[in-house]
Number of protein chains: 2
Amino acid sequence: MYYSQQARLAIYAQGEFGKGHSKTAEGVLRYAPNPVVAVIDGSECGKTVEQVTGIPSPAPIVGSVIDCLDYRPDALLIGTAWTGGHLPPEWRPEIITAIKSGLDIINGLHDFLSEDEEIAQVAASYRRKLLDVRRPPEHLAVASGQAAQVTAFTCLTVGSDCSVGKMTTSLELTRLALARGYSARFVATGQTGIMIAGEGIAIDRVIGDFMAGAAEKLVVEAGFAHDFVFVEGQGSLVHPGFSGVTLALLHGACPKTMILCHKVSKTCVGESSLPIPALPKLISVYQGSANLVRPASVVGISLNTAGLNDQQARQAVEAAEAETGLPATDPLRFGADNLFEAVLAFREKPA
Amino acid sequence: MYYSQQARLAIYAQGEFGKGHSKTAEGVLRYAPNPVVAVIDGSECGKTVEQVTGIPSPAPIVGSVIDCLDYRPDALLIGTAWTGGHLPPEWRPEIITAIKSGLDIINGLHDFLSEDEEIAQVAASYRRKLLDVRRPPEHLAVASGQAAQVTAFTCLTVGSDCSVGKMTTSLELTRLALARGYSARFVATGQTGIMIAGEGIAIDRVIGDFMAGAAEKLVVEAGFAHDFVFVEGQGSLVHPGFSGVTLALLHGACPKTMILCHKVSKTCVGESSLPIPALPKLISVYQGSANLVRPASVVGISLNTAGLNDQQARQAVEAAEAETGLPATDPLRFGADNLFEAVLAFREKPA
């Protein structure tokens with residue numbers, strides 16, 4: 001564990017809570033074992049977390065680091081990130097205030113706080129921890145294909161884009177497997193996943209040559225002790241900025257099955273004007289790419305239906321099922337039972 | 001330029017010269033502008049470079065760093081690398097001897113000498129430079145697709161595996177374009193290419209999220225000032241360890257054409273038992289992957305026919321042409337004129 005799962009967290013999401021760039025904040029609120037005692041965002045101050053995000057959490061939303069201290073946090077968790085993962089200069093005084101107020105800092109940005117001269121110096125003086133969860137372990141190796149040998153049944157979430165529900169889907173499938181009495185493990189491959197699971201490797205922070213090796217290491221470590229291993233996917237094969245990370249994870253993890261995740265309201269990749277291909281095309285892209293190293297099948301579709309009403313969401317699910325011939329759902333709205341059944345059925349299918 | 005192109009080089013290839021892991025040594029001997037004054041390999045001592053590698057170079061092969069000093073080198077260039085790119089402990093005393101003898105060190109390994117405490121200390125005392133050519137620049141960005149906008153006609157070499165001739169093919173095509181009076185630029189994306197070109201970025205050493213952005217940066221910097229840009233490819237989409245690097249380079253560089261490189265004697269990927277797919281399948285894999293972001297066509301086949309006699313090599317070229325319907329050659333044995341013609345024809349084809 002990189003940090004105590006009992007530690008009380010204040011989540012920093014200044015100006016961003018519930019908007020496009022606060023998926024770390026929301027993931028931690030929804031899934032981390034730690035108590036979240038406050039969320040910091042002056043622009044949503046006074047509202048409830050549920051009003052802003054739909055997540056039923058009793059944490060108050062406050063305006064600043066100073067205001068969160070009333071709720072006795074142990075650590076400030078940086079809950080927002082921009083593409084590129086750099087530290088915006090306006091966060092700096094708030095982080096320093098938090099350290100001086102006795103908080104450790106949990107950071108998932110590409111910019112490591114422990115390598116920031118000013119912040120590192122303050123943390124040393126005040127004896128607070130700077131936890132850079134995206135820092136990869138040393139001595140990673142080039143992948144050798146070992147992940148294909150694990151005894152666990154492995155499932156990787158893949159996506160039509162970034163931020164479409166890959167981590168959420170993997171977590172929900174892990175929860176369902178455990179609830180049914182299987183031994184199951186969520187393998188975190190990104191900063192938010194690591195904050196939730198307490199361990200993992202942020203694949204997108206690993207040096208190119210060792211990305212697949214990092215994925216392989218995670219799957220091999222988990223894969224001989226569990227019935228199921230659900231690997232958190234990253235990026236998308238159709239995203240020009242991140243496709244290399246996605247392919248390294250696919251070829252390093254060697255999953256037996258994949259769940260394809262898609263956000264219904266998105267039509268273009270990232271911020272680009274590249275159209276997101278249709279679901280059947282995406283299935284063939286992922287299966288084709290997996291097959292270059294080790295065959296894997298997409299066995300279900302996980303839709304993020306944010307912004308739709310229940311009826312529209314239900315229609316989107318039915319349309320995805322009709323278009324692909326596979327079970328579909330929005331795990332947060334309708335549960336992921338049918339996706340878990342699909343993984344289970346594939347596992348029990350005679351070879 | 002990372003170093004003077006007039007500097008006199010001694011190439012360190014102890015126990016490896018002309019064998020599987022000395023492609024840096026051979027690339028520098030064949031293409032770098034620098035004079036190579038000696039090659040160090042005790043196991044080939046006394047032979048000529050041409051006897052060992054076929055490269056017509058007058059450099060003597062000597063047994064140790066001490067022996068190379070007679071030829072007045074300015075720098076020791078580390079000319080071999082193992083998968084993973086780490087520094088073997090037995091090279092350490094030789095590197096230290098070189099520094100103490102007044103040589104700078106040119107190093108393309110993943111392990112940076114400037115971060116090695118002992119070596120860095122000796123270099124500081126003796127005021128010698130440690131040139132870690134694989135060190136990426138700071139402040140790289142996530143790719144945004146800009147490379148598709150350059151005015152140059154861009155061509156990326158892609159491969160059936162690592163070490164099959166991608167750099168060599170890109171260099172030969174650049175040479176031909178220049179010989180015909182075009183403005184052309186070789187874009188180096190790996191350590192040996194950088195040692196030859198004097199600049200570039202080792203994409204496989206870049207952090208996952210920024211690999212495609214690094215490729216984009218290189219192509220954008222070269223692509224508005226030249227008729228042709230030939231981008232050195234890396235790895236292979238069918239190599240489980242390196243496929244992520246390959247896809248990031250493809251999606252970041254946004255080439256208009258590709259040349260597919262293959263070593264005739266290789267049947268399995270890397271050291272694995274994964275069979276290398278047939279050339280038509282590889283063409284469809286690369287074109288399909290490119291098309292996810294920006295269409296690009298494979299317009300020719302570059303074969304590495306090492307180990308074959310001329311007649312066998314000619315047959316292999318003819319077989320590749322028959323199998324793919326594209327021009328093929330071994331650039332080192334038969335020249336790359338037909339590949340350059342194919343790139344030129346594609347450039348002049350009406351859209």
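When B:Asp41, B:Asp74 are checked against the criterion of being without any contact (Cβ under 8 Å) to a residue 40 or more places away in the chain and acidic (Asp, Glu), a single residue qualifies: B:Asp41. Counting only residues that are under 21 Å from B:Leu109 (Cβ atoms) and touching a Lys or Arg at 6+ places or on another chain (Cβ under 8 Å), segment B:4-35 holds 1 of them. Entry remark, segment B:126-147: residues being buried (at least 18 other Cβ atoms within 10 Å of the Cβ) and in a helix (DSSP H, G or I) number 1 in total.
B:Leu173 meets each of the listed conditions (1) surrounded by fewer than 24 Cβ atoms within 10 Å (Cβ to Cβ); (2) closer than 18 Å to B:Leu332 by Cβ apart from (1).
In the list B:Val28, B:Val37, B:Val65, which residue meets the criterion of being in contact with a Gly (Cβ under 8 Å, 6 or more places away or on another chain), among the aliphatic types (A, V, I, L, M) and outside the structural domain of B:Gln191 (by TED's automatic domain parsing)? Let's see the steps before the verdict.
Values: B:Val37 fails: in contact with a Gly (Cβ under 8 Å, 6 or more places away or on another chain); B:Val65 fails: in contact with a Gly (Cβ under 8 Å, 6 or more places away or on another chain).
Only one candidate passes the filter, namely B:Val28.
In segment B:214-261, of all residues being small (Gly, Ala, Ser) and over 24 Å from A:Gln234 (Cβ atoms), the one that is modelled with the lowest pLDDT corresponds to B:Ala225. Just name the residue that is farthest from the chain's Cα centre (by Cα) out of those in segment A:98-110 that are surrounded by 15 or more Cβ atoms within 10 Å (Cβ to Cβ) and not aliphatic (A, V, I, L, M). Per the stated criteria, the residue is A:Ser101. One residue alone among B:Leu218, B:Leu249, B:Leu282 is aliphatic (A, V, I, L, M), touching a Gly at 6+ places or on another chain (Cβ under 7 Å), assigned to a helix (DSSP H, G or I) and more than 9 Å from chain A (Cβ to nearest Cβ), and that residue is B:Leu218. Among the criteria (1) in contact with a Cys (Cβ under 8 Å, 6 or more places away or on another chain); (2) more than 23 Å from B:Ser125 (Cα to Cα), the one B:His86 does not fulfil is (1). The set of residues in segment B:85-113 that are under 19 Å from B:Leu9 (Cβ atoms) and either of a type in the set (Ser, Thr, Tyr) or in a helix (DSSP H, G or I) (or both) comprises B:Trp91, B:Glu94, B:Ile95, B:Ile96, B:Thr97, B:Ala98, B:Ile99, B:Lys100, B:Ser101, B:Leu113. Every test in (1) within 14 Å of chain A (Cβ to nearest Cβ); (2) more than 22 Å from B:Asp330 (Cβ to Cβ) is passed by B:His239 save one, and that test is (2). Inspect all residues belonging to segment B:290-303 and state whether any of them is in a helix (DSSP H, G or I), at pLDDT 95 or above, within 14 Å of chain A (Cβ to nearest Cβ) and crowded, with 23+ Cβ neighbours inside 10 Å. Yes, segment B:290-303 contains at least one residue that is in a helix (DSSP H, G or I), at pLDDT 95 or above, within 14 Å of chain A (Cβ to nearest Cβ) and crowded, with 23+ Cβ neighbours inside 10 Å. Taking first residues from segment A:134-155 that are at the interface with another protein chain (Cβ under 10 Å from one of its Cβ atoms) and partners that are surrounded by fewer than 22 Cβ atoms within 10 Å (Cβ to Cβ) and of a type in the set (Ser, Thr, Tyr), the Cβ contacts under 9 Å between residues at least 6 apart in sequence or on separate chains come to A:Ala141/B:Thr83; A:Val142/B:Thr83; A:Ser144/B:Ser272; A:Gly145/B:Ser272; A:Gly145/B:Ser273.
Cβ-Cβ contacts under 6 Å between residues 6 or more apart (or on different chains), taken from a first residue in segment B:327-346 that is outside the structural domain of B:Asp227 (by TED's automatic domain parsing) to a second residue that is surrounded by 21 or more Cβ atoms within 10 Å (Cβ to Cβ) and charged (D, E, K, R), are absent. Looking only at residues of segment B:176-191 that are in a helix (DSSP H, G or I) and surrounded by fewer than 24 Cβ atoms within 10 Å (Cβ to Cβ), we find that the one that is farthest from the other protein chains (Cβ to nearest Cβ) is B:Ala179. Name the single residue, out of those in segment B:260-272 being in a loop (DSSP other than H, G, I, E, B) and more than 9 Å from every other protein chain (Cβ to nearest Cβ), that is farthest from B:Asn304 (Cα to Cα). It comes out as B:Thr267.
Only one of the numbered conditions (1) closer than 28 Å to B:Phe210 by Cβ; (2) buried (at least 17 other Cβ atoms within 10 Å of the Cβ); (3) among the small types (Gly, Ala, Ser) is not met by A:Gly15, and that is (2). Each residue in segment A:221-246 was checked for being of a type in the set (Asp, Glu), in a loop (DSSP other than H, G, I, E, B) and either without any contact (Cβ under 8 Å) to a residue 40 or more places away in the chain or within 21 Å of B:Ala248 (Cα to Cα) (or both), and 1 of them qualify. The residues in segment B:56-114 that are touching a helix residue (DSSP H, G or I) at 6+ places or on another chain (Cβ under 7 Å), within 14 Å of another protein chain (Cβ to nearest Cβ) and among the hydrophobic types (A, V, I, L, M, F, W, C) can be counted, and the count is 1.
Among the conditions (1) touching a Leu at 6+ places or on another chain (Cβ under 7 Å); (2) at the interface with chain A (Cβ under 8 Å from one of its Cβ atoms), B:Val231 misses just one, which is (2).
Among the residues making up segment B:27-56, a single one is of a type in the set (S, T, N, Q), surrounded by fewer than 17 Cβ atoms within 10 Å (Cβ to Cβ) and not in a helix (DSSP H, G or I): B:Thr48.
Whether a residue is in a strand (DSSP E or B) and surrounded by 22 or more Cβ atoms within 10 Å (Cβ to Cβ) was assessed, and A:Ile194 does not pass this test.
Scanning segment A:156-168 for residues being away from chain B (no Cβ under 13 Å), polar (S, T, N, Q) and touching a Leu at 6+ places or on another chain (Cβ under 7 Å) gives a total of 1. A single entry from B:Ser22, B:Ser64 fulfils the requirement of being among the polar types (S, T, N, Q) and at pLDDT 95 or above: B:Ser64.
Once segment A:262-273 is narrowed to residues that are within 22 Å of B:Pro295 (Cα to Cα) and at pLDDT 95 or above, the residue that is surrounded by the most Cβ atoms within 10 Å (Cβ to Cβ) is A:Val269.
The values are calculated or read from the model by the stated rules, or taken from the named source; none is laboratory data. Because the structure is predicted, anything quoted here is derived from the model rather than measured. So basically every Cβ, Gly included, is an ideal-geometry build from the backbone, and we count neighbours across all protein chains shown.
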